[in-house]
Each structure stands twice: as C-alpha cells, then as structure tokens.
Amino acid sequence: MGLIQLFRLRTKRQYLLVRAFRRRRQLTPVRDRTAGLTAQPILLFSTLRNERVRLPYFLAYYRRLGIDHFLIVDNGSDDGTREYLSEQPDVSVWTTTHSYKRSRFGMDWLMHLLRQHGHGRWCLTVDVDEFLVYPFCETRPLRALTDWLDSAETPSFSAMMLDMYPKGAMHEQPYREGQNPFEIAQYFDSGNYVISRNPLYRNLWIQGGPRARLFFSDRPKHAPAMNKTPLVKWHKSYAYVSSTHMMLPRALNLTYDDQGGERPSGVLLHAKFLDTFAARAAEELARGEHYAQSNEYRAYREGIARERDLWCNWSEKYVNWRQLEVLGLMSKGNWA
C-alpha cells in the first residue's frame, strides 16, 4: 500500500473520531454508573430501540459470560426499554432521539462511549439480538478468553454472525419475555457462505445464510455482511468503520492467520428471526433509518410476504460451539 493510501486511511480514522466526539452532545445520561467501575472490567456496548421484551435474557446471558458492566444508548424507545435499563445496577444508559442513520447507525454514539470509558479495557460491541459463542464458553468465562488474548498480544477477536431461525412459520411460535430465543430459533445454515478479502481494510468479508438464500437470492452481493470484530482491547485511537465489520487501524482486522496457523474465533448467534420480526421490519422500513435507504428491510418485507418459513432441507439444528468448530464456522485455534 502506498503512502498516499495510508495517509487517506489515517485521515479517515481521525475523521471518524472527530465525528464521534461531536455527536457526544446528542447523548443525555439517564443513569451513568461508570464511576464505580473496577480497574479492568469487561464492558458491553450496544445501541437499541424498543427492545424491552428481549432485555431480560440478553442481560442474563452476558452476565453469565462475565460482562461486568453494560453501556447502552437508547434511541428514543417508547416501550419501557429505557426505564427497565435504568433500574439495572450494572447498566449505564444514555438516551437520544437524534437520527440513527445520521450517527452512522449508532456507531458515532458508541465510539464516543468507547473512547471515554473503554480505553485500555476489553470491550464487546453487539446488538441486543446477538449472542457471542466462543471456544469453551460453557465452562470458561469471557475473562479466560481475554486473559489468553492478552497473553498472546492479540487485541481483537472476530466472530461470524450466524442467523438462527425456527422450523415453521415465525408468527406461529411467539417469543415471551425472558425466554432463551434459541428455544425457538434452533436452526442455521451450515453452508452457503461466500468469503472474500477486502483489499483495503484486509478483513474477511462473509456473506450467505438464510438472508442471502431467501431475501437476496437475486442479488447475493447485496446480502448483509456476516463478519464482525466485536471484542476489542480498546484504545482511544481506534475506530469502527462500518458497524463492527471492520476497523482502523487495519491491523485489528487481521483476526485470521495467513501463515498456516489458526487463530481462535467465535460466532454471534443472531436471534433476529422471531415472531416479532415482521412488525419490526415494517417499522424500520417506515422509519428509513437503516443502511442504503433501508433496502435490507425492504427485502425482508418482500421475502416475508412470499415465505415465512426459513427452514430448508439443509438446515442444521444448533447443539454447541464444538459443532460450529467441526463445521468450520469458528475455531479454538491454539487456545486449549
């Protein structure tokens, strides 16, 4: 890469950091409990809107993994989300009614909080429907993973997003508050993934799964990206470029090993496809606050009108992380 291109990437990173700093005024603290954080907590960052029904299980899941504190931006919820979060002793919550789209889909807000509270700490950035699975997660807390990453001098950890879905029509299997969503959304596509490398940012770009198969079958290159780097030992100079799909500096995207070895990686089980999905897709399409003029949600609406069952003959029922490793969807690498 030439000096001019390197300069442009550095300039872009500075631009993203300045954007986040300027957007800080859009955030109003509802409950800021960060003053009581220990020296080295593991933090979770998320932006959400009207997710009250999902929150009890989401918080419980990540508490079990070992998250010490949640830093959450509520984007104008009116379903009790903000009030519920403000009552949780391990949650700090900020609110804003500003445009999700104009804040780079919430990343400007989160990057300000990451810079302010995450510097020198392990930070997990996920959506409320994403659940991290990593090698040995049933028996080893998240701190065991971050301690190993520290010892290996590895500041970032990748996770492929895996769309989970039920067998049968989504609307016939109602989700109740506090329920494990994977009691309903038990299946995933074990294949049907295309991987390429971004020549500029050097990250792997993954597409496929049921969204590509059903909603973007006529334009697979427009299917959502499934690659993410959600877990990072944050530094105030870091920046997310596009959601958590890629980062600057570029070295943080090198979460794979191209020298014949193998690095640990995880999976984000994606619980989007529940009975609430159709109403959410219609709402978000009407709001127009998502990427590319909400084309993704337009595809969802059209796809749901044709087919409400995402299951197919090649669907596989989820068992555990070892199953995902055997299928090549994640790796324990040399972490034993």
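The values are calculated or read from the model by the stated rules, or taken from the named source; none is laboratory data. Note that the coordinates shown come from a computational prediction; the quantities given were computed from them, not determined experimentally. Cβ: placed from backbone, ideal geometry, glycine included. Neighbour counts: every protein chain shown. For the accessible areas, the whole protein counts, side chains as well, though only heavy atoms, and no ligand, DNA or RNA atoms are used. Shrake-Rupley method; radii C 1.70, N 1.55, O 1.52, S 1.80 Å.
A few points about this structure:
- Solvent-accessible surface (1.4 Å probe) assigned to residue 312 amounts to roughly 20 Å².
- Residues whose amide H lies under 5 Å from that of residue 31, counting only those 5 or more places away or on a different chain, are 93; hydrogens are built 1.01 Å from N in the peptide plane.
- Dipole magnitude of the chain, debye to nearest 20 (Cβ charges: Lys/Arg +1, Asp/Glu -1, about Cα centre): 1420 debye
- The GluC sites (Glu not before Pro) of the range 151-217 meeting both criteria, a DSSP state outside H, G, I, E and B (loop) and at most 11 other C-beta atoms within 10 angstrom of the site's C-beta, are 153, 177.
- Close amide H partners of residue 272, meaning residues 5 or more places away or on another chain with modelled amide H under 5 Å apart, are 164.
- Using R0 = 51 Å, the C-beta based FRET efficiency linking residue 319 and residue 18 works out to 0.65.
- Full-stretch length increase - residue 222, residue 309 - with 0.36 nm per residue and alpha-carbon distance subtracted: 29.2 nm
- Considering helices alone, the calculated mean residue ellipticity of the chain at 222 nm is -8500 deg cm²/dmol, with DSSP H runs of length four and up weighted by -39500 (n - 2.57) and normalised per residue.
- Computed from label points 7 Å out along Cα-Cβ, the spacing between residue 60 and residue 78 is 3.0 nm.
- Of the GluC sites (Glu not before Pro) in the range 32-109, the ones in a loop by DSSP (not H, G, I, E or B) with at most 14 other beta carbons within 10 Å are 87.
- Residue-by-residue Karplus 3J(HN,Hα) for the range 166-177, coefficients 6.51, -1.76, 1.60, Hz, glycine and proline x: x, 8, x, 5, 4, 5, 8, 10, x, 8, 10, 4
- Taking every protein chain into account, the 1.4 Å probe leaves residue 309 with about 50 Å² of accessible area, to the nearest ten.
- Cβ-Cβ FRET estimate between residue 8 and residue 196, R0 fixed at 25 Å, reported to 0.05: 0.70
- Applying both filters, DSSP loop and at most 12 other Cβ atoms within 10 Å, to the trypsin sites (Lys or Arg not before Pro) of the range 82-154 gives 102.
- Computed E for residue 87/residue 176 - FRET, C-beta separation, R0 25 angstrom, nearest 0.05: 0.80
- Dipole-positive endmost among 3, 38, 208 within the chain (Cβ charges, Cα centre): 3
- When nucleic acids and ligands are ignored and a 1.4 Å probe is applied, residue 149 ends up with an accessible area of around 0 Å².
- Correct option for volume of the Cα convex hull per residue in Å³ [calculated from the coordinates] among (1) 129; (2) 156; (3) 137: (3)
- Amide H to amide H distances under 5 Å link residue 45 with 71, 124, 125, 126, where only residues 5 or more positions off or on other chains count and H is placed in the peptide plane.
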